[in-house]
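Student: Let me begin by handing over the structure; questions about it come next.
Bear in mind these aren't lab numbers, they're just calculated from the coordinates by the rules spelled out. This is a predicted model, so every value here is computed, not measured. We place every Cβ from the backbone using ideal geometry, glycine too, and count neighbours over all the protein chains shown.
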Amino acid sequence: MPSFDELRAYLDGLVARYEEPSFIADDPIGIPHGFDDPRDQEVIGLYAALLAWGRRTTIINKLEELCERMNYRPHAFVTGFDTARDADALDGFKHRTFQPVDALWFTRNLSDALARHGSVENIFADHLPSDPEHPYPLGPAIQGFSTTILNINPGTPQRLRKHLARPEAKSACKRLNMYLRWMVRPGPVDFGLWTRLNPAQLMLPLDVHAGRQARALGFVERKSNDWKAVCHLTDACRHLCPDDPARYDFAFFPPGAQDEPLDDAFTGDNAVPPSSWPTA
């Protein structure tokens, strides 16, 4: 069985391989990278994360369409959104189950939430728990963000709930955790725009690809990709790197999405599960 240090070195090598500027072009994060204003990056990045499911080429094409509909000024479009004047700009926009009605209500409600909180960062950060010892402070932050968008306007259709994940619904909240990684972590891929949240608080984005890799390595035992599994995976990655656990998203998601096999030296009977790791 390999040592803990050997496992960490192996995963750090995967991170170094994928956390490169070349990753950006074929990933939805390339859309906010196309803007210079951090306010535009923050706003269009949120749409990019929420719509990031399905084929990457399709996602990117739909996001480029959305940018055009917003006149390539996403922050100004959303903050100044007027339903009577601007609804036509979103008419007909859809991606998979995200329909024109979702685009309209999400934009309208996000506009009102920005007027109340000032920025997307503040919508999340204003819901951080007051307890400094809370083990997963971004859980309440994500819950508060989604609840704010869903409840800020009476008449918001219930169908919008399927696009705004919440830990209380046991969701892994993959796309929102990915968005937070984009905004909070510095680096050649992520933006590091926000200051009210810090990388140590981030949770691992967990989907079928990352989950398959994490289970092969013995990091997660739960069969479901739910919020508890996210907590378990994040705990393991915090042990590897307390200040920046989400860096290991680059070790799990890209290889998993590309069906790249993990090194047999660290999987199966050779897995080094967290229960066997040295304590700090």
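Student: Averaging over all projection directions, find the projected area of the Cα convex hull of region 105-199 and quote it in nm² with one decimal place.
Tutor: Averaged projected area of region 105-199's Cα convex hull equals 6.5 nm².
Student: While we're looking at this one, here's another question. Hand me the trypsin sites (Lys or Arg not before Pro) from region 145-251 located in a DSSP loop with no more than 12 other Cβ atoms within 10 Å, in residue order please.
Tutor: Lys223
Student: Let me ask something additional. Longest segment of the chain with no GluC sites (Glu not before Pro) in a DSSP loop having at most 12 other Cβ atoms within 10 Å?
Tutor: 1-132
Student: Still on this model: With charges set only on the Cβ (+1 for Lys and Arg, -1 for Asp and Glu), what does the dipole of region 11-154 come to about its Cα centre, in debye to the nearest 20?
Tutor: The dipole magnitude comes to about 480 debye.
Student: Which of Ile123, Gly192, Leu160 sits closest to the plus end of the dipole of the chain, meaning its Cα is farthest towards the positive end, when Lys and Arg get +1 and Asp and Glu get -1 on the C-beta?
Tutor: Of Ile123, Gly192, Leu160, it is Leu160.
Student: Let me ask something else about it. P(r) for region 7-89, please, calculated from all Cα pair distances in 10 Å bins and given in %.
Tutor: Calculated P(r), rounded to whole percents: 17, 40, 27, 11, 4, 1.
Student: I've got another one for you. Would you please put 21-27, 230-236 in order of how densely packed they are, using the mean number of other Cβ atoms within 10 angstrom per residue and starting with the highest?
Tutor: Put in order of decreasing packing, that is 230-236, 21-27.
Student: Kirkwood hydrodynamic radius, the chain, all distinct C-alpha pairs: what's the number in Å?
Tutor: After inverting the pairwise mean of 1/r, the radius is 19.4 Å.
Student: Go through 88-101, 182-195 and give me the packing order, highest mean Cβ count within 10 Å leading.
Tutor: Per-residue mean Cβ counts within 10 Å order the peptides as 182-195, 88-101.
Student: Region 29-74: which trypsin sites (Lys or Arg not before Pro) are DSSP loop and have at most 16 other beta-carbon atoms within 10 angstrom?
Tutor: Here the trypsin sites (Lys or Arg not before Pro) that fit, given the DSSP loop and packing criteria, are Arg55.
Student: Would you work out the Kirkwood radius for region 159-280? I mean one over the mean of 1/r across all pairs of different Cα atoms, in Å.
Tutor: 14.9 Å
Student: Specify which residue in the list Ala172, Cys231, Ile60 is farthest towards the positive end of the charge dipole of the chain, using unit charges on the beta carbon of Lys, Arg (+1) and Asp, Glu (-1), about the Cα centre.
Tutor: Positive-most Cα among the choices belongs to Ala172.
Student: Using just the C-alpha positions of region 228-280 as equal point scatterers, what log10 of I(q)/I(0) does the Debye formula give at each q in 0.14, 0.17, 0.18 1/Å?
Tutor: With one equal scatterer per Cα and no solvent, log10 I(q)/I(0) is -0.42, -0.63, -0.71.
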